[in-house]
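A.B. asks: Take this structure first; my questions come after.
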Amino acid sequence: MATSIRSPRDPNTLSNYNDWICTHITARFDILFDQKKLVGSVIHKLKSATDGDSREIILDSNHVAIGGVTIDGKPSNWELLPPLEPYGSALKIQLEQGVKLNETIDVEISVQTTEKCTALQWLTPAQTSNKKHPYMFSQCQAIHARSIFPCQDTPDIKSTIDFNISSSLPVIASGLPVRDALGVQSAEGKSLYQFHQRVPIPSYLFALASGDISEAAIGPRSVVATSPDKLQECQWELEADTEKFIGAIEKIVYPYAWGEYNVLILPPSFPYGGMENPIFTFATPSIISKDRENIDVIAHELAHSWSGNLVTNASWEHFWLNEGWTTYLERRILAAVHGEAYRHFSAIIGWKALTDSVEHFGHDHEFTKLITDLKGKDPDDAFSSIPYEKGFNFLFHLETLVGKQKFDQFIPHYFTVFKGKSLDSYEFKSTLLDFFRSDAEASELLDSLDWDTWFYAPGLPPKPQFDTSLVDVVYELSHKWKSLSDTSFKPQPSDIEGLSANQIVVFLEQILLLERPLAPESSKLMGEIYGLAKSENIEVANLYFQVGLKAGDESVVGPTTELLGRIGRMKFVRPLFRSLQKVNRPVAVETFEKYKDFYHPICRAMVEKDLFGKKDI
Ligand code: BES
Ligand code: ZN
């Protein structure tokens, strides 16, 4: 009997999704805080993509406990295949007979998560903000959904979802609440929370969180949800800009498709800045800096509602289509709200992140390419600023090449053609070329573009001319610090008066770029005079500690380890551990041992690799 006829274009799934297409998922889960697990079942509605040729269904699964499988209500034979790291032990389900083309079957799997689940973090009351209740949340991107339930864990397949979640605490999911059913009482003092996702989504956007969560409005179609004791400050941070951002991007692309746009501010161990779970962006509490200076993360996650969530990369090898496009749209939103100079300011910060990542991997490394080869690899290992910033620079280059006005017309076209679909870079290219086919001038420019270099060359792309008006002042200040000892420059608190937190970030990055690190006393002086170590803005504190560590200023070691115990966002945690271990490896190792249970499993695994693991990652 023929199985997998064509090989799938996503190398990071073991599922035979070319033979079967999941169109709908019904998930029923009980959240068991005391046992730190989800118990329940999922029903996959699978459509046959062959004419009865496939007698087996293979789903991704990793570290889940399976109780049984039925097909259309009848018990079915199943087995877990030997583990193939990092992709897990696929679930193979045997069919007694083939299914005709386009006919569907319901495959129900009873399943429990285990303590090895990489997608979920379970927090004890002591690990939460008001210390009263436990908390749990998921993070499925890139390939962690398979550790919650067996599924076609590929961004190339999209399904609608029904969530039926029973919990003793409020629940949030990546669907719209079924209002009548919200909090229906179920057994043992628990309530049933139901959500529906009517727009088909890939598995990596499946999301759940439950804990002591309350909500407050931040706009006409938006709420922020968080621990009740943090609600007001979160509301203040987001209420001024969220609707402005939505209005801005709706003008650039087209109207928001998902109904509500909400933000969940998670406990500090959330490993990312933000995650674009539909209906509810999940975000780190480190964006609540009391100065509204870090909400570009919200512009970014919101932009994913178009790039990524409606129009999706077909595999993680084409991740730039998600993140490069999103970074591009994020900066268009920022330009609409704060002016064009701010877009360039953000792009300059991004360019620095890009050069750091290229430096980190090495200029010839596979992961510095726009299209990466991820066969046999873990997409988490390839994660860096490169798809974001090389992707942004590619789109910015295209915008400059054909002209902004013309490119502006292409944006809604692209997001309409691929709405609800997944695509790869080659489809992007042909759609762009086709769109401009009737425009001789643009066509000539695009035809002569060196596509292969953009797609496949490792290392940095050409650096564009950015508008430096917002960085010139901080470049000047960093020059003064460079020659601190041999000039009459006397640092004063007034040096940074009027600078935004993000300008201070750029200043500190310039200091880090200096060939000769600051002397330990100079670094210390800088921290004291500018009040950097005590900044409420964690981006500022983080970079100041990097400056101090590089300078060998022992006085920042304590505050650095303190920060590492208070935030689990990988953007800070990984580089801080790397720098700390250069200055004092025993302290780095000891700090990791102390806080490893606080970190999310994904973060823990990455820091473990950084500190103890293979060098090339
Ligand atoms: N989708 C990403 C987060 C992600 C990527 C999670 C890959 C898992 C695997 C999210 O949209 C993101 O890019 N977050 C950034 C925000 C920043 C670029 C504004 C982050 O976490 O720092
Ligand atoms: Zn993103």
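The values are calculated or read from the model by the stated rules, or taken from the named source; none is laboratory data. Given the structure is predicted, the values throughout are model-derived calculations rather than measurements. Quick reminder, even Gly has a Cβ in these numbers, built from the backbone with ideal geometry, and neighbours come from all protein chains shown. Side chains are part of the model used for accessible areas, which takes the heavy atoms of the whole protein and leaves out ligands, DNA and RNA. Shrake-Rupley method; radii C 1.70, N 1.55, O 1.52, S 1.80 Å.
A.B. asks: Residues in segment 369-377: is at least one part of a helix (DSSP H, G or I), open to solvent by less than 30 Å² (accessible area, probe 1.4 Å) and either under 26 Å from Leu423 (Cα atoms) or within 16 Å of ligand 2 (Cβ to nearest atom) (or both)? So that I can check it myself, show each step before the final result.
C.D. replies: Taking segment 369-377 and keeping what is part of a helix (DSSP H, G or I), we get none.
The answer is no; no qualifying residue exists.
Every residue, every condition in (1) surrounded by fewer than 16 Cβ atoms within 10 Å (Cβ to Cβ); (2) under 30 Å from Trp258 (Cβ atoms); (3) free of Cβ contacts under 8 Å to residues at least 40 places away in the same chain, yes or no:
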residue: Gly420; (1), (2), (3): yes, yes, no
residue: Ala442; (1), (2), (3): no, no, no
residue: Thr453; (1), (2), (3): yes, no, yes
residue: Tyr475; (1), (2), (3): yes, no, yes
residue: Trp481; (1), (2), (3): no, no, no
residue: Thr487; (1), (2), (3): yes, no, yes
residue: Gln492; (1), (2), (3): yes, no, yes
residue: Phe507; (1), (2), (3): no, no, yes
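A.B. asks: While we're on this one: For residues that are among the charged types (D, E, K, R) and within 14 Å of ligand 1 (Cβ to nearest atom), scanning just segment 283-300, find the one that is surrounded by the fewest Cβ atoms within 10 Å (Cβ to Cβ). Outline the logic, then answer.
C.D. replies: Within segment 283-300, the subset among the charged types (D, E, K, R) is 290-293, 296.
With within 14 Å of ligand 1 (Cβ to nearest atom) added as a condition, the list becomes 293, 296.
Working: Glu293: 18, Asp296: 23.
Here the answer is Glu293.
A.B. asks: Are there any pairs, at least 6 apart or on different chains, whose C-beta atoms fall under 7 Å, with the first in segment 557-575 and farther than 14 Å from Val589 by Cβ and the second open to solvent by 30 Å² or more (accessible area, probe 1.4 Å) and hydrophobic (A, V, I, L, M, F, W, C), and if so, which?
C.D. replies: That search, which allows pairs on different chains as well, returns Pro559/Ala533; Gly565/Phe598; Gly568/Phe598.
A.B. asks: Given (1) open to solvent by less than 10 Å² (accessible area, probe 1.4 Å); (2) more than 10 Å from ligand 1 (Cβ to nearest atom); (3) of a type in the set (A, V, I, L, M, F, W, C), identify the lone condition not met by Ala303.
C.D. replies: Looking at each condition in turn, Ala303 falls short on (2).
A.B. asks: If the requirement is being within 13 Å of ligand 1 (Cβ to nearest atom), over 28 Å from Thr13 (Cα atoms), out of contact with any strand residue (DSSP E or B) (no Cβ under 8 Å at 6 or more places or on another chain) and of a type in the set (D, E, K, R), which of these qualifies: Glu399, Glu330?
C.D. replies: Going through Glu399, Glu330 in turn, just one is within 13 Å of ligand 1 (Cβ to nearest atom), over 28 Å from Thr13 (Cα atoms), out of contact with any strand residue (DSSP E or B) (no Cβ under 8 Å at 6 or more places or on another chain) and of a type in the set (D, E, K, R): Glu330.
A.B. asks: In this structure, does Glu554 turn out to be free of Cβ contacts under 8 Å to residues at least 24 places away in the same chain, of a type in the set (Asp, Glu) and open to solvent by 40 Å² or more (accessible area, probe 1.4 Å)?
C.D. replies: Details: free of Cβ contacts under 8 Å to residues at least 24 places away in the same chain: no; of a type in the set (Asp, Glu): yes; open to solvent by 40 Å² or more (accessible area, probe 1.4 Å): yes.
In short, no.
Here's the yes/no breakdown for (1) within 12 Å of ligand 1 (Cβ to nearest atom); (2) at pLDDT 95 or above; (3) in contact with a Phe, Trp or Tyr (Cβ under 6 Å, 6 or more places away or on another chain); (4) among the hydroxyl-bearing types (Ser, Thr, Tyr):
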| residue | (1), (2), (3), (4) |
| --- | --- |
| Met275 | yes, yes, yes, no |
| Thr281 | yes, yes, no, yes |
| Leu334 | yes, yes, yes, no |
| Phe345 | no, yes, no, no |
| Ile348 | no, yes, yes, no |
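A.B. asks: Follow-up question, since we're still on this one. For the structure I just gave you, tell me whether Phe435 is over 22 Å from the mean Cα position of the chain (by Cα) and not assigned by TED's automatic domain parsing to the domain that holds Val505.
C.D. replies: Judged against the criteria, Phe435 is a match.
A.B. asks: Right, next: Considering only segment 304-331, state which residues are β-branched (Val, Ile, Thr) and away from ligand 2 (no atom under 11 Å from the Cβ).
C.D. replies: Val311, Thr312
A.B. asks: Here's a follow-up. Going by the conditions given, is Ala240 open to solvent by less than 10 Å² (accessible area, probe 1.4 Å), more than 16 Å from ligand 1 (Cβ to nearest atom) and either of a type in the set (D, E, K, R) or at pLDDT 95 or above (or both)? So that I can check it myself, show each step before the final result.
C.D. replies: Details: open to solvent by less than 10 Å² (accessible area, probe 1.4 Å): no; more than 16 Å from ligand 1 (Cβ to nearest atom): yes; either of a type in the set (D, E, K, R) or at pLDDT 95 or above (or both): yes.
Answer is no for this residue.
A.B. asks: Which of the residues belonging to segment 243-275 are within 16 Å of ligand 2 (Cβ to nearest atom) and open to solvent by 20 Å² or more (accessible area, probe 1.4 Å)?
C.D. replies: Hit for segment 243-275 is Tyr272, nothing else.
A.B. asks: Something else now. For segment 347-360, which positions are in contact (Cβ under 8 Å) with a residue 60 or more places away in the chain and either open to solvent by 20 Å² or more (accessible area, probe 1.4 Å) or within 14 Å of Tyr328 (Cα to Cα) (or both)?
C.D. replies: Ala347, Ile348, Ile349, Trp351, Lys352, Thr355 - these are the residues of segment 347-360 that are in contact (Cβ under 8 Å) with a residue 60 or more places away in the chain and either open to solvent by 20 Å² or more (accessible area, probe 1.4 Å) or within 14 Å of Tyr328 (Cα to Cα) (or both).
A.B. asks: Looking only at segment 381-396, how many residues end up being open to solvent by 20 Å² or more (accessible area, probe 1.4 Å) and away from ligand 2 (no atom under 14 Å from the Cβ)?
C.D. replies: Residues meeting the conditions: 1.
A.B. asks: Can you tell me which residue among Arg437, Arg516 is open to solvent by 20 Å² or more (accessible area, probe 1.4 Å), at pLDDT 95 or above and touching a helix residue (DSSP H, G or I) at 6+ places or on another chain (Cβ under 9 Å)?
C.D. replies: Arg437
A.B. asks: When you scan segment 99-208 for strands (runs of 3 or more DSSP E) that lie fully inside it, which ones turn up with 3 or more residues that are within 24 Å of the chain's Cα centre (by Cα) and in the same structural domain as Leu59 (by TED's automatic domain parsing)?
C.D. replies: By residue number, 120-123, 135-138, 159-167, 171-173, 191-201.
A.B. asks: Can you tell me which condition Ile148 does not meet? The list is (1) open to solvent by 30 Å² or more (accessible area, probe 1.4 Å); (2) in contact (Cβ under 8 Å) with a residue 60 or more places away in the chain, and all the others hold.
C.D. replies: Ile148 satisfies all of (1) open to solvent by 30 Å² or more (accessible area, probe 1.4 Å); (2) in contact (Cβ under 8 Å) with a residue 60 or more places away in the chain except (1).
A.B. asks: Now for a separate question. Anything in segment 276-300 that is within 14 Å of ligand 2 (Cβ to nearest atom), part of a helix (DSSP H, G or I) and under 17 Å from Gln235 (Cα atoms)? List them, or say none.
C.D. replies: Residues satisfying the conditions are Ile287, Asp296, Val297, Ile298, Ala299.
A.B. asks: Given the condition free of Cβ contacts under 8 Å to residues at least 12 places away in the same chain and either at negative phi or open to solvent by 10 Å² or more (accessible area, probe 1.4 Å) (or both), answer yes or no: does some residue in segment 171-180 qualify?
C.D. replies: Yes; the residues of segment 171-180 include at least one that is free of Cβ contacts under 8 Å to residues at least 12 places away in the same chain and either at negative phi or open to solvent by 10 Å² or more (accessible area, probe 1.4 Å) (or both).
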